[in-house]
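Have a look at the structure below, then the notes.
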Amino acid sequence: MKVPGSMKSSMRGNREWGGVESQRCVVCGPENPLHCDARTGADMETQTVSQNATPGSQGFDRSSLDSRIQAARAALEHCELCERRCGANRLAGEPTPCRLDSDTYCAKRYVSLAEELELVPALRVYWGGCNFRCEFCNTAPGGFEPRLGERVAADKFALELHAAVAAGVKTINLLGGEPSLHPHTILEVAAAAARPLPLVLSTNAYMTAEVLELFKGVVDMYSVDFKFGNDRCARHLAQVPCYMKVVTRNLAFLSEYAALRVCHLLLPGHLDCCFRPVVEWLSAWLPESRFHLLTSYVPAWRAESDREIGRLNRQGEVCAAVDYLESRRLDWSVDADGDR
């Protein structure tokens, strides 16, 4: 698939989280520090959406893996793997917002039954490093650490994943941190595997179009965490610019060729600004997508001391969210706390 021109945005940003001057968005003006050219609204009307794919059903030419690995490795020299497009040389260990270099470390992995029925048992694999700084992150600060745990060696790791599948694991769920920041490692593991692996990528969907092309046919299913319904909350709670245009662009792109599940964590006080806009966008543009609402929010990391999100969801907020979902045309589900 040819990458649409609008997806090849010339976004450039800072390499550090603080202490340096932000570059300004040449399109959006001084409010946004990055260029955020992306498809939205009517630009997506001509797309054909397919949700028939299932984990393990995707096919691809395995002979293309070598060239994809080379492309992913080369991209590390001037990193533009996410839409921060910091340009850092990760091969040389230059500082990056995600704090990653060229190595991938696995912080932990375990078999889980806490997934949808068709995906379990699932092997959850956590890789370090993240390009977001969500105030409420339940894996922080460990999930931000780039070298926590065991360094991933592709050959050995592929054998372990095959052994897990042989023992009854249905899917391999890559989490983080943010696993899409490790395309070279994902491709190297796929190339080292004797057979295609049932890979599920749990992601914040802030990757560039080039990364999506590298993963095409290698990753069977995407579980996208659609965190915010507007750019203001994304900047305030996760230090992320141009959020909506990037994530909605990538959701539209993914819906064309991969199994897709969209999740949203209901944040206290964010029913109108985040939850409803997320559901409205999905209802309008991806009505066949599978949507899962998480209501059992517990303040974590910096959220514990935050006046706005430093509390549990109130029963009225959860009920209002479920009532709203019942009025929309989506294939939706909700966690146990949302059952009534």
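Give me the residue from region 288-323 that is of a type in the set (Ser, Thr, Tyr) and surrounded by 17 or more Cβ atoms within 10 Å (Cβ to Cβ) and, out of that set, nearest to the chain's Cα centre (by Cα). So, considering only residues that are of a type in the set (Ser, Thr, Tyr) and surrounded by 17 or more Cβ atoms within 10 Å (Cβ to Cβ), the one nearest to the chain's Cα centre (by Cα) is 289. Here is the figure for region 99-131: residues that are free of Cβ contacts under 8 Å to residues at least 40 places away in the same chain and charged (D, E, K, R) total 1.
Among the residues of region 274-319, those that are among the aliphatic types (A, V, I, L, M) and either in contact with a Pro (Cβ under 8 Å, 6 or more places away or on another chain) or modelled with pLDDT under 95 (or both) comprise 309, 312.
Only residues that are in a helix (DSSP H, G or I) and either crowded, with 18+ Cβ neighbours inside 10 Å or basic (Lys, Arg) (or both) were counted across region 92-136, and they come to 1.
The values are calculated or read from the model by the stated rules, or taken from the named source; none is laboratory data. Please read these numbers as outputs of a predicted model, since none were measured by experiment. Neighbour counts run over all protein chains shown; Cβ positions are idealised from the backbone, glycine included.
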